[in-house]
Amino acid sequence: MKKAFKALLLAALGFWSAAAMAAVDVNTANAADLDSVKGIGPGTTSRIMEARKVGPFKDWADFVDRVRGIGPGNAAKLSDNGLTVNGQTFKAVAPAAAKASDKPVPVAAKAAAEPAKKP
């Protein structure tokens with residue numbers, strides 16, 4: 001009888017721990033579900049719910065852009081804690097392609113562009 005009880009108890013604990021780590025989708029979750037995600041408090045929940053009134057979040061980039069206080073670092077942590085956007089976990093976004101004006105200037109061209117220094 002003790003073995004059966006232990007097995008039942010372990011199965012129940014396994015179920016509850018799996019349920020605790022279940023994904024919470026930002027587009028379908030209610031306020032209580034959002035609050036259950038570690039790292040999301042009442043303030044963030046209200047900002048998410050307000051931003052969601054405009055329309056569902058398309059992806060993580062849209063979520064980060066529309067919810068004040070959520071950046072890539074927070075998004076990664078929230079995703080690790082079970083938050084999803086359209087069922088997708090957060091994947092770091094590659095930095096935007098550098099503009100032509102952001103390219104380093106060769107030393108020779110830089111020297112030619114600077115006026116000569118007087119001794």
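The values are calculated or read from the model by the stated rules, or taken from the named source; none is laboratory data. Predicted model, so just to flag it, every value in this text is computed and none were measured. Please note: Cβ atoms are built from the backbone with ideal geometry, for glycine as well, and neighbour counts cover all protein chains shown.
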Quiz item: Counting only residues that are buried (at least 17 other Cβ atoms within 10 Å of the Cβ) and outside any loop (DSSP other than H, G, I, E, B), how many does region 26-39 have?
Solution: 2
Quiz item: Looking at region 11-19, is at least one residue at pLDDT below 95 and aromatic (Phe, Trp, Tyr)?
Solution: yes
Quiz item: Which condition breaks for Asp102 when tested against (1) modelled with pLDDT of 95 or more; (2) exposed (fewer than 13 other Cβ atoms within 10 Å of the Cβ); (3) among the acidic types (Asp, Glu)?
Solution: (1)
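So which of Gly55, Gly87, Gly69, Gly73 is on the phi < 0 side of the Ramachandran plot and surrounded by fewer than 19 Cβ atoms within 10 Å (Cβ to Cβ)? Before the answer, list the steps.
Working: Gly55 fails: on the phi < 0 side of the Ramachandran plot; Gly87 fails: on the phi < 0 side of the Ramachandran plot; Gly69 fails: on the phi < 0 side of the Ramachandran plot.
After ruling out the rest, the residue left standing is Gly73.
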